[in-house]
Each structure stands twice: as structure tokens, then as C-alpha cells.
Amino acid sequence: MAEVTQSPDLEQINAFIDSMGGQTGSLIPVLQKAQDTYGFLPKEVLGHIADRLNVPLADVVGVATFYSQFYLTRRGRTIIRLCDGTACHVSGAGKAIEMVQRQLAIKPGETTSDYEFTLEVVYCLGACAISPVAVVNGKVMGRATVEKVEQLLKEARQAAPGAVEMPPPETRPGAPATA
């Protein structure tokens, strides 16, 4: 595994590992700290954690890939979760999902090339009474119509540092044709 240069971020992780005092079961909190620090778990950091905790790298990677709270790839500044569970699907969630895919030119599970947006489709957020449901950076939106979700995207773009307005989806290269 490639050596990770000693950065202030890595020093924070090392200090956290040291504060754990070699306790059994410290791997998950250390992975959480690393993800909080980097926004995801770079493979070099996983190797460093394995070395520092004296745990096989396969075990560290196994835990990081088992739990859905951990991400091995960089994610966007704005995380958009759209529910497509039964109640949300019946209430029209598919239209909002299609619109977001068109506008951002990404599929569920992908991140825009500028790392501004990550789209996730989930299958229950536990808020069926207000379906369809969207969660944007932790903020829940009930009755998430296409128009409401489109407005959220617009606001998120405007809040982005140095944001530029995206052209209408039908004019972007590679955008699917609309009927």
C-alpha cells in the first residue's frame, strides 16, 4: 500500500487512533473519523489505518464495504437522496428521479464531474405519509414534486462557490432527447 504523506488530516486521524488506546472494536470509529475528515475513505488511508491498528487490510476494506455509511469514492458537495420505495414510486418519484438524472447528466450512485452533486436512489426513508420524499444534504422534503426538486437543484447551484447556471438539459451534449 502506498505511503500516505503526513498531512494535518492524517495527523488528526493518528491522534484519534492514539486516543482510542488500542481498544478492541475501534475500527468503525476510526473509519468514521477518517470519512469525516476526507469526505470518503481513500484507499491509501485505509492502508494507513490497517497499519496503525495492526489489522489486516482485507478486514479494514471488508468493514468499509459492508456498511452503507462508508464511501470509497469521492462524493459531491450536495447529496440528493430520492426515495423510490412503494409509496414514493406510486406518488410519482420516478419523474423527479428522471429529471435529476437529465439535469445533472448522472445516474443514481454517480457524482457530477465537478463534485457538486451526488445522486442516490433509496428504497425507504420512513416518511411514506409525505411521499414522494427527497433528502438534500440531510434536509427532508415531503411531497417532492418535479418542480420542488428542480427548485432545490437551482438553489444548490446558486449556493455553490463559483457556481454557474447549468444550461437546460436538452441543450447539454449527451443529454437524452425529451418527447
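The values are calculated or read from the model by the stated rules, or taken from the named source; none is laboratory data. The structure displayed is predicted, hence computed values, not measured ones. FYI the Cβ positions are ideal-geometry reconstructions off the backbone, even for glycines, and counts take in every protein chain you see.
When the stretch 120-151 is limited to residues that are in contact (Cβ under 8 Å) with a residue 12 or more places away in the chain and assigned to a strand (DSSP E or B), the one that is nearest to the chain's Cα centre (by Cα) turns out to be 120. For the stretch 81-106, a residue qualifies if it is closer than 15 Å to residue 145 by Cα and either among the charged types (D, E, K, R) or not assigned by TED's automatic domain parsing to the domain that holds residue 148 (or both), and the qualifying residues are 81, 84, 95, 98. Within the stretch 57-73, is even one residue surrounded by 12 or more Cβ atoms within 10 Å (Cβ to Cβ), touching a residue at least 40 places away in the same chain (Cβ under 8 Å) and either in contact with a Ser or Thr (Cβ under 8 Å, 6 or more places away or on another chain) or at negative phi (or both)? Yes: the stretch 57-73 contains one or more residues that are surrounded by 12 or more Cβ atoms within 10 Å (Cβ to Cβ), touching a residue at least 40 places away in the same chain (Cβ under 8 Å) and either in contact with a Ser or Thr (Cβ under 8 Å, 6 or more places away or on another chain) or at negative phi (or both).
Residues in the stretch 85-108 that are under 17 Å from the mean Cα position of the chain (by Cα) and either modelled with pLDDT under 95 or on the phi < 0 side of the Ramachandran plot (or both): 97, 100, 101, 104, 106, 107, 108.
Looking at residue 31, is it modelled with pLDDT of 95 or more, under 17 Å from the mean Cα position of the chain (by Cα) and in the same structural domain as residue 135 (by TED's automatic domain parsing)?
No.
Before we move on, is residue 13 touching a residue at least 24 places away in the same chain (Cβ under 8 Å), within 21 Å of residue 74 (Cα to Cα) and surrounded by fewer than 17 Cβ atoms within 10 Å (Cβ to Cβ)? When the stated conditions are applied, residue 13 does not pass them.
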